[in-house]
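K.L.:
Input: one structure, supplied below.
The values are calculated or read from the model by the stated rules, or taken from the named source; none is laboratory data. This structure is a prediction, so every number in the text was calculated from the model and none was measured. Ideal geometry is used to build each Cβ from the backbone, glycine not excepted, and the neighbour counts take in all protein chains shown. Accessible surface areas use protein heavy atoms only, side chains included; no ligands, DNA or RNA. Shrake-Rupley method; radii C 1.70, N 1.55, O 1.52, S 1.80 Å.
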Amino acid sequence: MPMTIRMRTRKELEGLLPGAARAWLDEALAEAEQQAPVWEMRFATAARECSREHANSVRTLLLAEARADTTTLTRLYQQGTAEERQAVLLALPALPALGPTALPLVEDALRTNDTRIVAAAVGPYAAAHLDPHAWRHAVLKCLFTGVPVDAVAGLPGRAHGDAELARMLRDFASERTAAGRAIPHDLHRVLALTVPE
């Protein structure tokens, strides 16, 4: 099952990466800061240069350093691999100047069944910008696809006292039961959060 991805800071990466990868990271971040055109190529080669394990952290740092705008993020997302799309979504909270302009990327991610992308889509950016209707459907998407609800940023606060979410969860549980399917364990957890004090 996909879990919440731990993003590493630059300092952490410098302690984890071997010498050649550290040098590559320093160059890539300098290019991103200067918005040199080559930094987007660095985004695509991060896994090869710094390992798949650290690629999302490296890509997120690149996007933040470049102060990527919605047009750039959309291009990288649309042209990217699943891992690159995931990195774009994970970087959104590090780009506060975007405001809600990147919501179409989150909405697109929530239409996929790739659990890595769904988990990345329901992070802090979604918690801050999705309207209540879209956010409730994002929670249901997690339950439907098996993404642990721990990935949903701000879940306790947004679910608290949400009678409409409670209704949707009960309907989903009824549908699963009628179809002879198991009810996801996380559903009961979220349903408990909807109860007002």
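K.L.:
May I ask you to give the percent of accessible area on the stretch 1-68 that is carbon plus sulfur, with a probe radius of 1.4 Å?
P.N.:
Of all accessible area on the stretch 1-68, carbon and sulfur atoms account for 53 percent.
K.L.:
Just subtract the alpha-carbon distance of ASP26 and ARG167 from 0.36 nm times their residue separation and send over the number in nm, one decimal.
P.N.:
Going from the current span to full extension adds 45.7 nm.
K.L.:
In addition: Could you tell me the ratio Rg/Rh of the stretch 96-187? Both radii from Cα atoms, Rh via Kirkwood.
P.N.:
Value, to two decimals: 0.97.
K.L.:
Select from the stretch 46-130 those trypsin sites (Lys or Arg not before Pro) which occupy a DSSP coil region and have at most 16 other Cβ atoms within 10 Å, ordered by residue number.
P.N.:
Sparse-neighbourhood loop trypsin sites (Lys or Arg not before Pro): ARG67, ARG111.
K.L.:
Per residue, how large is the accessible surface of the chain? Use a 1.4 angstrom probe and give square angstrom.
P.N.:
51 Å²
K.L.:
For the stretch 156-170, in order, what is each residue's ³J(HN,Hα) by Karplus, 6.51 cos²θ - 1.76 cosθ + 1.60 with θ = phi - 60°, in whole Hz (x at glycine and Pro)?
P.N.:
Each residue's phi maps through the Karplus curve to give x, x, 6, 7, 3, x, 7, 5, 5, 4, 4, 4, 4, 5, 5 Hz.
K.L.:
Classify the stretch 70-127 as rounded, prolate or oblate, taking a ≥ b ≥ c as the square roots of the eigenvalues of its Cα gyration tensor: rounded when a/c is under 1.5, otherwise prolate if a/b is larger than b/c and oblate if not.
P.N.:
It is oblate, given that a/c is not under 1.5 and a/b is not larger than b/c.
K.L.:
Now for a separate question. Provide the per-residue ³J(HN,Hα) series for the stretch 10-17, in order, calculated from phi with Karplus coefficients 6.51, -1.76, 1.60 and θ = phi - 60°, each as a whole number of Hz, with x at glycine and proline positions.
P.N.:
4, 4, 4, 4, 4, x, 9, 7
K.L.:
With springs connecting C-alpha atoms under 10 Å apart, model the chain as a Gaussian network and identify which of ALA46, ALA166, ALA97 has the largest mean-square fluctuation.
P.N.:
Its mean-square fluctuation being the largest, the pick is ALA97.
K.L.:
Principal axis lengths of the chain from Cα atoms, whole Å, largest first?
P.N.:
For the chain, the Cα extents along the three principal axes come out at 56, 31, 30 Å.
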